[in-house]
Amino acid sequence: RIATAPVGEDLYAVIVPDVERVQDAARLAVRFHEAMTSTTGVVTHVGIACSPDDGTIATELIERSREAVLRARREGQNHVEFFSSSMSRWAFERLTLEQSLRDALRNRELVVYYQPRVDVESRAIIGMEALVRWIHPQFGLVSPGQFIPLAEETGLINPIGDWVLRESCRQNAEWRRMGLPRILVSVILSPVQFRKASLHESVVSALQDAELAPDGLEREVTESLLMNDPSETAAVLGRLRGEGIHISIDDFGTGYSSLAYLKRFPIDSLKIDRSFVTDVTSNPDDAAIATAIILMGHSLKLTVVAEGVETENQLAFLKVLQCNEVQGYLFSPPVPADRA
Ligand code: C2E
Ligand code: MG
């Protein structure tokens with residue numbers, strides 16, 4: 001449904017409906033420019049105006065893309081220019097990041113860090129949460145907060161998440177072979193991965209290939225995942241748990257699950273979101289929420305884990321509330337496997 005029309009000497013308008021993201025417009029323009037240059041030898045310049053940001057009527061959009069193309073010709077550095085320069089910067093940054101994220105797996109730039117989860121009473125290590133890191137050759141350490149949303153948007157989270165799973169299972173099997181205490185490795189399951197029909201099979205094959213017993217693996221899903229399509233979600237989780245792996249609910253407290261609601265899901269533990277833990281000793285509301293989650297979790301026979309514990313005071317407080325396990329900088333930040 002792409003429409004083209006001449007709009008001047010040497011000038012063509014190309015109208016592309018349904019472009020969702022500015023970086024897709026940038027990608028399209030770059031491809032167009034490259035294709036023209038390689039097939040015809042004619043150097044083209046592309047100017048981009050986006051609706052609704054740059055205008056909502058055709059004449060306005062054509063006028064603004066004309067301005068952008070003239071700027072591209074005049075300045076001669078870039079063959080592709082957006083009408084809005086801030087949009088241009090954003091689009092090309094995203095495009096660069098996206099392209100290098102595609103290469104990251106192949107170039108072995110991803111690393112799994114592990115953060116211990118500790119029993120409140122004995123302070124023994126119960127498990128390790130796997131948290132992915134991207135060591136980019138130029139940008140250095142890119143935080144998952146920056147690239148996971150992009151990976152989810154582009155579907156790259158599927159191969160990335162699968163790699164994190166396989167690597168974490170391999171690592172835990174190695175720890176067990178070394179004779180270390182048997183712990184579980186906890187791997188985040190993105191809602192995007194959750195919707196894939198191949199999920200179950202990929203978990204089973206990761207365990208098999210790593211020769212890790214299912215009790216060595218936990219998958220973390222967020223509370224918000226439980227909200228949409230609860231019966232289907234419960235079925236998928238039930239099948240995974242049927243294999244013998246643990247299921248935990250991450251970021252708990254940020255959604256609106258009730259006791260009755262939670263009872264429907266086959267789960268082993270609840271992780272209290274860090275936002276309630278930070279001020280648990282000073283903010284009565286946060287203390288009330290943490291208390292409610294712990295009581296609710298225990299009445300459902302679940303293990304309750306507090307995330308983001310940074311101080312002895314928070315730990316002491318959570319101990320009084322009979323929280324079972326904690327994770328946070330107090331014990332250790334996420335670290336590479338050889339330091340875990
Ligand atoms: P999250 O699941 O809520 O992970 C917890 C984050 O809190 C981690 O940030 C961790 O480093 C940080 N953290 C742990 N203890 C403390 C503490 O005591 N204080 C403070 N201030 N922070 C603490 P990180 O590793 O940067 O991960 C950020 C987010 O990226 C994660 O949030 C998760 O949503 C996502 N993510 C990370 N690894 C993966 C992955 O392998 N797959 C998927 N799908 N998402 C991932
Ligand atoms: Mg988490």
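What to note about this one:
- Verdict on PRO144 being within 16 Å of ligand 2 (Cβ to nearest atom), farther than 25 Å from LEU318 by Cβ, in contact (Cβ under 8 Å) with a residue 24 or more places away in the chain and under 12 Å from the mean Cα position of the chain (by Cα): no
- Scanning the stretch 213-230 for residues that are modelled with pLDDT of 90 or more and open to solvent by less than 10 Å² (accessible area, probe 1.4 Å), we see that the one that is farthest from TYR256 (Cα to Cα) is GLY216.
- Members of the stretch 2-54 that are loosely packed, with under 11 Cβ neighbours inside 10 Å, part of a strand (DSSP E or B) and either on the phi > 0 side of the Ramachandran plot or among the aromatic types (Phe, Trp, Tyr) (or both): GLY8
- Single residue of ARG73, ARG89, ARG64 found to be of a type in the set (Lys, Arg) and under 16 Å from GLU34 (Cα atoms): ARG73
- Selection over the stretch 249-269 of residues that are at pLDDT 90 or above and of a type in the set (Gly, Ala, Ser) gives a count of 1.
- Looking across the stretch 106-141 at every residue that is within 15 Å of PRO159 (Cβ to Cβ) and either in contact with a Leu (Cβ under 8 Å, 6 or more places away or on another chain) or open to solvent by less than 30 Å² (accessible area, probe 1.4 Å) (or both), the one that is nearest to ligand 2 (Cβ to nearest atom) is identified as VAL132.
- Residues that are outside any strand (DSSP E or B), of a type outside the set (A, V, I, L, M, F, W, C) and under 24 Å from the mean Cα position of the chain (by Cα) within the stretch 171-190 comprise GLN171, ASN172, SER190, listed in sequence order.
- For the stretch 252-269, a tally of residues being within 16 Å of ligand 1 (Cβ to nearest atom), within 22 Å of VAL203 (Cα to Cα) and open to solvent by 30 Å² or more (accessible area, probe 1.4 Å) returns 0.
- Test result for SER205, more than 16 Å from ligand 2 (Cβ to nearest atom), surrounded by 13 or more Cβ atoms within 10 Å (Cβ to Cβ) and among the polar types (S, T, N, Q): yes
- Within the stretch 260-274, residues that are within 16 Å of ligand 2 (Cβ to nearest atom) sit with their Cβ atoms under 7 Å from residues that are among the aromatic types (Phe, Trp, Tyr), at 6+ positions apart or across chains, in these pairs: LEU270/PHE252; LYS271/PHE252; ILE272/PHE252; ASP273/PHE252.
- Only one entry in LEU97, LEU70 is at pLDDT below 95, under 30 Å from TYR329 (Cβ atoms) and either in a helix (DSSP H, G or I) or away from ligand 2 (no atom under 16 Å from the Cβ) (or both), namely LEU97.
- Apart from one condition, LYS196 fits all of (1) within 16 Å of the chain's Cα centre (by Cα); (2) farther than 24 Å from THR303 by Cα; (3) assigned to a helix (DSSP H, G or I); the exception is (3).
The values are calculated or read from the model by the stated rules, or taken from the named source; none is laboratory data. None of these values were measured; they are calculated from a predicted model. Every residue, glycine among them, receives a Cβ derived from its backbone with ideal geometry; neighbour counts consider all protein chains shown. Note: accessible area is taken over every heavy atom of the protein model, side chains too, but ligands, DNA and RNA are not part of it. Shrake-Rupley method; radii C 1.70, N 1.55, O 1.52, S 1.80 Å.
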